[in-house]
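Chemist: Please see the structure below; I have some questions.
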Ligand SMILES: [Zn+2]
């Protein structure tokens, strides 16, 4: 009994400390385009940052976890991150600083035929519905798998110009080198939500990894899955192509956290292709 008393006091202190620590973020200093992992005690229902609210889900360590996207266009600076309870009332808040990613500009030369391609209303609707959906079941686990092994021909987040003219948009995914017909792998486990040819995006596979994480693969030449299929990490979902608005066979893929594009290089390590010299062929990319 003599020993138990101080032990009880020690456990109480430990419980209080871990309770305070259960509100946490990762990374501590997020950069534009990254995912901010938001941890909380189990009773927190959601989190809000800069007008965006995300759901939190039970995590393996007993806390809850949500994936807050830091938008590419979010101004660097100080923000308040709020944790909310089940009724939307704030239960905790912390000041966070978002750092500048210093995204560069990239010009893409497109033919008249490629410039004319636009998403049909059906394509726009299917993509919007896919990005709005947040499934409660979690299929994703780290580490993620690279969908193809090729180097990066166009990085995430660059401000895009078409034939020298600003588009007002940025590159929402990664373009990776890949030979026509080579297999494309699922970056994580998930459910196939879309597997169909689109006007602008070409052959498209969209995967729902659950709890706010999703990925999409464009310009495919063939599909290896159909909507409703469950895939495991690394499963072949389709084959590299150049369908839709694409300047040659390559893979464009985008990772989404709660509907916003985020930088896959936070999760997967991939190398940029060697710098192009004027004599070499233009890189195969997609807007
Ligand atoms: Zn692209």
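Chemist: Given an 8 Å cut-off on Cα distances and at least 6 residues of separation, report the relative contact order of the chain as a percent.
Modeler: That works out to 17 percent.
Chemist: Let me ask you something else. Using 0.36 nm per residue of separation minus the Cα-Cα distance, give me the extension gain between residue 92 and residue 24 in nm, one decimal.
Modeler: Full extension from residue 92 to residue 24 adds 23.4 nm.
Chemist: Can you give the calculated 222 nm mean residue ellipticity of the chain, where each DSSP H run of n ≥ 4 adds -39,500 (n - 2.57) and the sum is split over every residue, rounded to the nearest 500 deg cm²/dmol?
Modeler: Only helices count here, giving -4000 deg cm²/dmol.
Chemist: Which order do 154, 24, 242, 111 fall in if you start with the one that has the fewest other Cβ atoms within 10 Å?
Modeler: 111, 24, 242, 154
Chemist: What length, rounded to one decimal in nm, is gained on full extension from residue 118 through to residue 37, with 0.36 nm per residue of separation minus their alpha-carbon distance?
Modeler: Extra length from residue 118 to residue 37 when fully extended: 25.7 nm.
Chemist: Moving on to the next point. Send over the Kirkwood Rh of the chain, from the inverse of the averaged 1/r over different Cα pairs, rounded to one decimal Å.
Modeler: By the Kirkwood definition, the hydrodynamic radius is 20.4 Å.
Chemist: Using bins 5 angstrom wide from zero, how does P(r) for segment 21-98 break down, in % of all Cα pairs?
Modeler: Histogramming segment 21-98 at 5 Å steps yields 3, 17, 31, 26, 15, 7, 1 percent.
Chemist: Provide the FRET efficiency to the nearest 0.05 for the residue 61-residue 196 pair, computing r from the beta carbons and using R0 = 45 Å.
Modeler: 0.70
Chemist: Before anything else, pin down the relative contact order of segment 143-212: Cα pairs under 8 Å, at least 6 apart, normalised by residue count, whole percent.
Modeler: 29 percent.
Chemist: Something else about it: Relative to the longest principal axis of the C-alpha atoms of the chain, give the angle of the C-alpha long axis of helix 121-132, reported between 0 and 90° and rounded to the nearest 10°.
Modeler: Taking the Cα atoms of the chain, the angle to 121-132 is about 20 degrees.
Chemist: Provide 254, 87, 53 in ascending order of the number of other Cβ atoms located within 10 Å of each residue's Cβ, fewest first.
Modeler: Ascending Cβ contact count within 10 Å gives the list 87, 53, 254.
Chemist: Stokes-Einstein D for segment 105-266 at 10 °C, 1.306 mPa s, Kirkwood Rh over Cα pairs, in µm²/s?
Modeler: The estimated diffusion coefficient comes to 101 µm²/s.
Chemist: While we're here: What's the exposure ranking of 105, 37, going from fewest to most Cβ atoms within 10 Å?
Modeler: Final ranking by Cβ density, sparse to dense: 105, 37.
Chemist: If the chain between residue 137 and residue 109 were fully stretched, how many nm would it gain, using 0.36 nm times the residue separation less the Cα-Cα distance?
Modeler: Here the answer is 5.9 nm.
Throughout, read-outs are computed from the coordinates displayed, never taken from laboratory work. The structure displayed is predicted, hence computed values, not measured ones. Backbone-built Cβ (ideal geometry, glycine too); neighbour counts: all protein chains shown.
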